[in-house]
């Protein structure tokens, strides 16, 4: 089985559609996501949804605990377990394979930390209702957990004390190296090509999902906000720099066919998006 660790705003919903087309919806197992969380509140990896005040616990949505995901998977009937080809872990930390005691091919997508934080903020938070006495930086910092990529890739954490930041970063790098392949949101097409070869996907095509086309661009955000967010997410900044080197090695290992395969992917995407657009127009008529 493959296990996709979906880090918020890295292209996960586009990947979900690809997985459904490759394996069929019945062959996917999803971790859960909601307002219930059974672990210590200070260890929760949550995302604020449409919230204007970070102090409102009801506005925070939490991923399912690793232990609960493993238990749900193992308590399925044998036929359902055997039919599962892919596990989609929404904001789920690394370590599920240890609990399931089955071999998993884990992959993820990473993204420029500041751009990812801004994307999450402008997508999930009603920033237009930000109180006048709260700065943009303060509002972002209150609603988006810093270093989430390191936190998720640096698992498993269990329910004990959270490891020291540098220990968690070291673990995240180690876990990333153990992936046969991983993707970078800024190089989405190349990443899909790498994944397709690694996992035997055929005739891959996609249409980007849940893209916020109305959010301000990075260049429209004040420079001081960018710098402060980069400082807050220093672990993710270092993780991404490390990942970029590994990603270049992945591309090099793919070989000279990459350019040709990218062109073919582009042609399939154009045709696919045209068909999907036609379907949507037909639905509205």
| Restricting region 33-45 to residues that are out of contact with any strand residue (DSSP E or B) (no Cβ under 8 Å at 6 or more places or on another chain) and more than 21 Å from residue 175 (Cβ to Cβ), the residue that is modelled with the lowest pLDDT | 42
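Condition first: within 20 Å of residue 16 (Cβ to Cβ) and crowded, with 19+ Cβ neighbours inside 10 Å. Now tell me which residues in region 121-143 satisfy that.
So in region 121-143, the residues within 20 Å of residue 16 (Cβ to Cβ) come out as 123-124.
Result: 124, single match.
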| Does residue 118 satisfy the condition of being at negative phi, in contact with a strand residue (DSSP E or B) (Cβ under 6 Å, 6 or more places away or on another chain) and buried (at least 23 other Cβ atoms within 10 Å of the Cβ)? | no
| query | Residues of region 259-285 being more than 19 Å from residue 188 (Cβ to Cβ) and touching a residue at least 12 places away in the same chain (Cβ under 8 Å), which ones? | reply | none
| said: Residues that are more than 20 Å from residue 32 (Cα to Cα), at least 1 per element: which helices (runs of 4 or more DSSP H) completely within region 67-152 meet that? | reply: 78-83, 113-124, 136-143
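Restrict the check to region 118-134 and report whether at least one residue is within 15 Å of the chain's Cα centre (by Cα), over 30 Å from residue 220 (Cβ atoms) and touching a residue at least 40 places away in the same chain (Cβ under 8 Å).
So far as region 118-134 goes, no, none of its residues is within 15 Å of the chain's Cα centre (by Cα), over 30 Å from residue 220 (Cβ atoms) and touching a residue at least 40 places away in the same chain (Cβ under 8 Å).
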| Tell me, which helices (runs of 4 or more DSSP H) lie completely within region 179-285 with 3 or more residues that are over 24 Å from residue 22 (Cβ atoms) and modelled with pLDDT under 95? | 257-284
| query | Which one of these is within 27 Å of residue 144 (Cα to Cα) and surrounded by 11 or more Cβ atoms within 10 Å (Cβ to Cβ): 230, 196? | reply | 230
| said: Cβ-Cβ under 7 Å, sequence separation 6+ or interchain: first residue in region 230-258 and in contact (Cβ under 8 Å) with a residue 40 or more places away in the chain, partner in a loop (DSSP other than H, G, I, E, B). Which pairs? | reply: 232/146; 233/146; 233/147; 235/147; 236/147; 240/112; 250/181
| field | Given (1) at pLDDT 95 or above; (2) not in a helix (DSSP H, G or I), number of the condition residue 163 does not satisfy | value | (1)
| Identify, please: which residue in region 212-225 is surrounded by 15 or more Cβ atoms within 10 Å (Cβ to Cβ) and in contact with a helix residue (DSSP H, G or I) (Cβ under 6 Å, 6 or more places away or on another chain) and is, among those, farthest from residue 193 (Cα to Cα)? | 225
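The values are calculated or read from the model by the stated rules, or taken from the named source; none is laboratory data. As the structure is a prediction and not an experimental result, all values here were calculated from the model. Positions of Cβ are backbone-derived with ideal geometry, glycine not excepted, and every protein chain shown enters the neighbour counts.
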